[in-house]
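Each remark here refers to the structure printed beneath this line.
The values are calculated or read from the model by the stated rules, or taken from the named source; none is laboratory data. These numbers come from a predicted model, not from an experiment. Glycine gets a Cβ as well: all are built from the backbone with ideal geometry, and neighbour counts include every protein chain shown. Note: areas computed on protein heavy atoms with side chains; ligands, DNA, RNA excluded. Shrake-Rupley method; radii C 1.70, N 1.55, O 1.52, S 1.80 Å.
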Amino acid sequence: MSSDQQVAIVTGGSRGIGRAIATELAGRGDAVCVNYNARPAPAEALVEELNAKGASAIAVRADVADPAEAENLVAEAEARLGPPTVLVNNAGVSVPATLETYDEAALDLMRRVNVNGVINMTRAVMDGMRERGYGRIVNVASNAAIGTALPGTTFYAATKAEALILTKRFAMELGRAGVTVNAVCPGWIVTDMTRGTMTEAEFAERVSGMRDRTMVGRVGAPADIAAAVAFLSSPAAGFTTAQVLTVDGGRLDYIGHA
Ligand code: NAP
């Protein structure tokens with residue numbers, strides 16, 4: 001590892017948006033720790049692919065909702081790659097529900113991953129980043145948090161809104177130590193999460209409907225989000241903190257305007 005190489009931890013880096021982020025950061029030269037929770041195969045395949053291209057990548061299993069596992073993830077990344085300079089809190093879960101179908105256990109799961117995961121991972125990296133006087137933390141929230149109106153995302157949106165206020169408050173707490181904290185709010189991006197259990201025909205219909213809700217006339221790709229994360233996690237972004245960057249193709253269906 002060269003002295004100016006960044007070391008990035010991407011939670012949920014094995015699939016979807018996280019995979020694109022890990023690929024983008026490895027492509028620019030960062031050493032990358034690809035975290036996953038339940039499925040080792042996609043994480044291991046990605047790491048093999050990145051290392052074959054000359055990157056330094058490792059895969060580490062950890063449930064970010066568990067504080068001890070979050071600590072272990074950071075310790076293992078540091079031992080194998082060097083002190084982390086970038087944390088991308090991307091791991092997330094979405095369980096669709098409305099007021100009618102509300103399920104407390106599902107909301108609890110989303111809270112533990114989407115909110116506690118951000119807290120646990122930030123706490124796990126903060127002492128080292130503070131000591132070294134440098135860090136870039138990027139939280140992947142959602143445009144649901146700022147008022148898009150897709151039915152079924154109500155409680156998920158609430159957890160992502162929590163992630164946004166944590167972003168701003170953590171930025172305030174860590175800024176003087178050279179650590180920036182920002183959030184990216186993706187719009188509708190084609191991944192396993194948005195595919196869910198839909199048939200191909202249902203999915204095609206959903207893609208068409210979501211495309212019509214954007215100003216740019218298309219749905220998003222994971223690489224669209226990775227490009228935004230790349231900027232916010234770069235050394236050049238040192239004067240940008242506590243910000244929320246919405247990357248959603250200009251969504252038209254807001255119930256409020258941020
Ligand atoms: P995805 O395809 O479902 O992938 C989720 C990733 O998170 C997987 O790598 C998964 O690993 C990991 N993960 C899940 N629970 C975890 C846990 N407890 N600890 C560690 N890793 C965990 O999701 P995605 O669509 O790429 O979404 C990525 C992020 O973007 C999420 O925060 C999501 O809420 C947000 N987002 C997505 C969209 C969209 O349209 N797709 C829109 C707005 C925001 P395993 O497979 O090993 O469990």
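Express in whole angstrom the spacing between the alpha-carbon centres of segment 19-56 and segment 164-210.
19 Å
Send over a whole-number figure in Å² for the accessible area per residue of segment 1-159, probe 1.4 Å.
With all protein chains present, segment 1-159 gives 42 Å² per residue.
Run through all the Cα pairs of the chain and give the fraction in each 5 Å bin from 0, expressed as whole percent.
Over the chain, the share of Cα pairs per 5 Å bin runs 1, 7, 14, 19, 21, 17, 12, 7, 3, 1, 0 percent.
Quick check for me: using +1 on Lys/Arg Cβ and -1 on Asp/Glu Cβ, what's the dipole size of the chain about its Cα centre, in debye to the nearest 20? Can you show the working numbers first?
Numbers: 23 positive and 28 negative charges, 128 e Å.
Charge dipole of the chain: 620 debye, to the nearest 20.
Leaving ligands, DNA and RNA out of it, report the carbon-plus-sulfur percent of the accessible area of the chain at a 1.4 Å probe. Don't jump to the answer; show the numbers that get you there.
Details: 6370 of 11950 Å².
Result for the chain: 53 percent of the exposed heavy-atom area is carbon or sulfur.
Given the options F239, F155, F170, state which has the largest fluctuation in a GNM of the chain using a 10 Å cut-off (strictly under) for Cα springs.
F239
Can you compute the FRET efficiency between S208 and Y102 using 1/(1 + (r/R0)^6), with r the Cβ-Cβ distance and R0 = 30 Å? Round to the nearest 0.05.
It comes out at approximately 0.55.
How much length, in nm to one decimal, is gained on full extension between A41 and A79, taken as 0.36 nm per residue of separation minus their Cα-Cα distance?
11.4 nm
Would you please name the GluC sites (Glu not before Pro) within segment 1-82 that are DSSP coil residues with at most 14 other C-beta atoms within 10 Å of their C-beta?
Passing both the DSSP loop test and the Cβ count: no residue.
Quick one, could you list the DSSP H helices from the chain stretching 20 Å or more along their long axis (Cα atoms) with average Kyte-Doolittle hydropathy of 0.0 or above?
Qualifying helices, which must be both long enough and hydrophobic enough, are 154-174.
Using the Kirkwood formula over every pair of different C-alpha atoms, what hydrodynamic radius in Å results for segment 47-99?
Answer for segment 47-99: a Kirkwood hydrodynamic radius of 13.2 Å.
Could you check the simple spin-label distance between Q5 and V216, using points 7 Å along Cα→Cβ, in nm with one decimal?
Going from the Q5 label point to the V216 one covers 3.1 nm.
Go from 0 up to the bin containing the longest alpha carbon distance in segment 174-258, width 5 Å each, and give me the % of pairs per bin.
Percent of Cα pairs in each bin: 3, 13, 20, 18, 16, 12, 9, 5, 3, 1, 0.
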